[in-house]
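Rule-based calculations on the coordinates, nothing more; no lab input. None of the values given here were measured: they were computed from a predicted structure. All Cβ positions, even for glycine, are placed from backbone atoms using ideal geometry, and neighbour counts span all protein chains on display.
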Amino acid sequence: MGAKPVTTPIPKGLKLSSESGELLEDVSKYRRVVGRLLYLGFTRPDITYVVHQLSQYVHAPRTVHWSYVMHVLKYLKGCPSLGLFYPVSTDFQPVVYSDADWAACMDSRKSLTGYCVFLGQSLVSWKCKKQVTVSRSSAEAEYRSMADVVTELMWISFILRDLAVHFQLPVSLHCDNKAALHITANPVFHERTKHIDIDCHVVRQQLKEGLVTPVHVSSSLQIADIFTKSLNAPLFNFFKFKLGLVDFYQIPT
């Protein structure tokens with residue numbers, strides 16, 4: 001592809017919808033490329049968000065969607081040797097980041113969950129997914145995201161214990177929404193929080209059992225932002241570095 005590389009996989013602030021542009025005549029091409037991008041995303045968390053967005057339209061892709069598929073390919077052209085680096089000296093202490101983009105979907109107004117789990121400095125789990133139900137507030141959306149990552153952490157902790165890998169409890173759960181953190185810590189549920197599904201209160205349960213402890217983190221240091229929204233180049237590159245993505249051609253030997 002002779003196009004000029006770009007610095008981010010998706011322009012800052014972009015929101016896609018099912019009504020943008022004209023329907024593609026050849027949908028098989030779109031589906032084929034997006035399928036390959038989904039496969040690549042298993043080792044490239046930097047494209048997780050945009051590929052999640054594009055994969056929602058494989059049933060009826062439009063010209064606008066195809067243009068941003070090409071944008072992703074231009075980004076990948078500029079960093080073909082980027083990959084996750086796992087340092088030998090890392091420990092196995094889990095660290096968790098959770099984020100949500102409230103009402104992110106332009107078609108359904110469902111929110112977007114994003115999280116990542118580290119063992120020491122090594123990224124071992126990450127996800128971007130649309131929430132099942134519509135959230136009535138940003139705090140509710142963030143709280144649902146916290147529930148998802150706590151469930152993932154429970155599974156990882158079981159594996160670590162089976163492998164006799166020791167780590168300290170509680171595990172830090174980083175969130176940038178103070179209202180969601182307040183709901184987690186408040187022992188009394190008020191009327192305005194009763195609509196939150198019961199399964200979300202797994203966060204409260206694991207807090208009581210000592211698995212996690214909620215920690216507030218500023219938005220500028222919320223690594224999970226890279227899984228929930230399109231960012232400007234400096235912030236995107238900062239979070240990309242924090243995920244452990246490095247250019248393998250530039251690693252000192």
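222 nm [θ] for the chain, helices only, -39500 (n - 2.57) per DSSP H run of 4+, per residue, to 500?
One gets -11000 deg cm²/dmol as the mean residue ellipticity at 222 nm.
Membrane-span-like helices in the chain: DSSP H runs reaching 27 Å or more (Cα, own axis), mean Kyte hydropathy at least -0.5?
Membrane-span-like by this rule: 138-162.
Give the order of Thr213, Thr113, Thr184, Thr43 when sorted by the count of other beta carbons within 10 angstrom, beginning with the fewest.
In order of increasing Cβ crowding within 10 Å: Thr43, Thr213, Thr184, Thr113.
As a test, work out the antiparallel percent of DSSP beta bridges whose residues both lie in region 94-227, rounded to the nearest 5.
65
Amide H neighbours of Leu173 under 5 Å, at least 5 residues apart or on other chains, H built in the peptide plane: list them.
Excluding prolines and chain starts, which carry no amide H, the hits are Thr213, Val215.
Reported to two decimal places, what Rg/Rh ratio describes region 94-227 when computed on Cα atoms with Rh from the Kirkwood expression?
Value, to two decimals: 0.96.
Quick one: compute the contact order of the chain, relative version, from alpha carbon pairs under 8 angstrom and 6+ residues apart, as a percent.
24
Out of the DSSP beta bridges found with both residues in the chain, what percent are antiparallel (nearest 5)?
Percent antiparallel among DSSP bridges in the chain is about 70.
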